[in-house]
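The values are calculated or read from the model by the stated rules, or taken from the named source; none is laboratory data. From a predicted model like this one, the values you see are computed outputs, not experimental measurements. Here Cβ is always computed from backbone atoms with ideal geometry, including for glycine, and neighbour counts include all displayed protein chains.
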Amino acid sequence: MNQSDFPLILEELERSKDNTTQFSEAWSQGRSAFGGLAAAFAVTGMRKLIPADIPIRALLVSFIAPLPPGRVQVKARIQRQGRNVTQLVGEVYSGDQICLQAMGVFGIERPGLEIAAATAELPLLDQGISFTQHAERQPAFLRYFDGYWTSPGMPFSGHAARDLSLWVKHRVELPEYPIEKLVAIADIPPPVILSHFQKPPVPSSSLTWALEFVQTPDKVNSEWFHLQFITEAAANGYTQQSGKIFDETGQLCALSRQCMVYFDSPRP
């Protein structure tokens, strides 16, 4: 198996009786796997326990320890299965070490009041700076995505921005994995505060992540997504940021919120 091919990595996990798969160092950022990849593992493990026609509504993730490249195992279980909503837990292990714990909330559709999500006017793709133009300051895993930065707040730009926006798409198609496709896209933005610095490294990582699906991923047909993120606050080595994920027509797909840690001075 090609340990760098996202669909094949997920396919091995989906077919595995013991819920294992493997990935290469090319998917890493620093000491750990790209968080969107690790969270996608948990999603795949949870999906295997419920009918395929129950859509995901929310994903809550705790990044517990670095997930090194190599073989990983997912342990998933149903916490509660009600008439409308099923809540599951998915844990990602490297050996005996738990590296990530996620709770997935899946729920059937029900008739009721509808309030349409706001749409957004999005910038043109060619108005941005491509990932390849900014490659020397980006993590290796971004090679698997095409993208354009569409705001001044790029990482290590020295621009003291509170916001960050970008266009992103997978370089491969993922028709069999709509949830994992969107989860990986939604975790691409780095800490927005990295724009305040002029050069790496400034070690940083997510501690917790909440992702709410405004549209169910199976109904999202877009390949390109526009991400708009803002810093809510940053102090004492921790930062909070929130974001919106839009499809290429400006329809809101998901809402994101993260608590992150950063080290802008030498560790004691």
Checklist (1) touching a Lys or Arg at 6+ places or on another chain (Cβ under 8 Å); (2) farther than 21 Å from P139 by Cα; (3) buried (at least 23 other Cβ atoms within 10 Å of the Cβ) applied to W209, failing item: (2)
Subset of the range 122-143 (residues that are closer than 20 Å to S256 by Cβ, in contact with a strand residue (DSSP E or B) (Cβ under 7 Å, 6 or more places away or on another chain) and touching a residue at least 40 places away in the same chain (Cβ under 8 Å)): L122, P139, F141
Which numbered condition T119 fails, given (1) hydroxyl-bearing (S, T, Y); (2) touching a residue at least 60 places away in the same chain (Cβ under 8 Å); (3) crowded, with 16+ Cβ neighbours inside 10 Å: (3)
Given (1) in contact with a His (Cβ under 9 Å, 6 or more places away or on another chain); (2) crowded, with 18+ Cβ neighbours inside 10 Å; (3) closer than 29 Å to G45 by Cβ, index of the condition S195 fails: (3)
The lone exception for V220 - which of (1) farther than 30 Å from P55 by Cβ; (2) among the aliphatic types (A, V, I, L, M); (3) modelled with pLDDT of 95 or more it fails: (1)
Which numbered condition I230 misses (of (1) hydrophobic (A, V, I, L, M, F, W, C); (2) crowded, with 18+ Cβ neighbours inside 10 Å; (3) under 18 Å from the mean Cα position of the chain (by Cα)): (2)
Within the range 196-220, tally of residues that are in contact with a Leu (Cβ under 7 Å, 6 or more places away or on another chain) and either within 20 Å of S130 (Cβ to Cβ) or part of a helix (DSSP H, G or I) (or both): 1
The one condition in (1) closer than 17 Å to V183 by Cβ; (2) surrounded by 17 or more Cβ atoms within 10 Å (Cβ to Cβ); (3) free of Cβ contacts under 8 Å to residues at least 60 places away in the same chain that A52 fails to fulfil: (2)
Tabulated pairs, the range 56-83, first at positive phi, second surrounded by 22 or more Cβ atoms within 10 Å (Cβ to Cβ) and not aliphatic (A, V, I, L, M), C-beta under 9 angstrom, 6+ apart or interchain: G70/F23
Output for the range 26-44, where each listed residue is of a type in the set (S, T, Y) and either in a helix (DSSP H, G or I) or in contact with a His (Cβ under 9 Å, 6 or more places away or on another chain) (or both): T44
Flag for P175 being surrounded by 16 or more Cβ atoms within 10 Å (Cβ to Cβ) and part of a loop (DSSP other than H, G, I, E, B): no
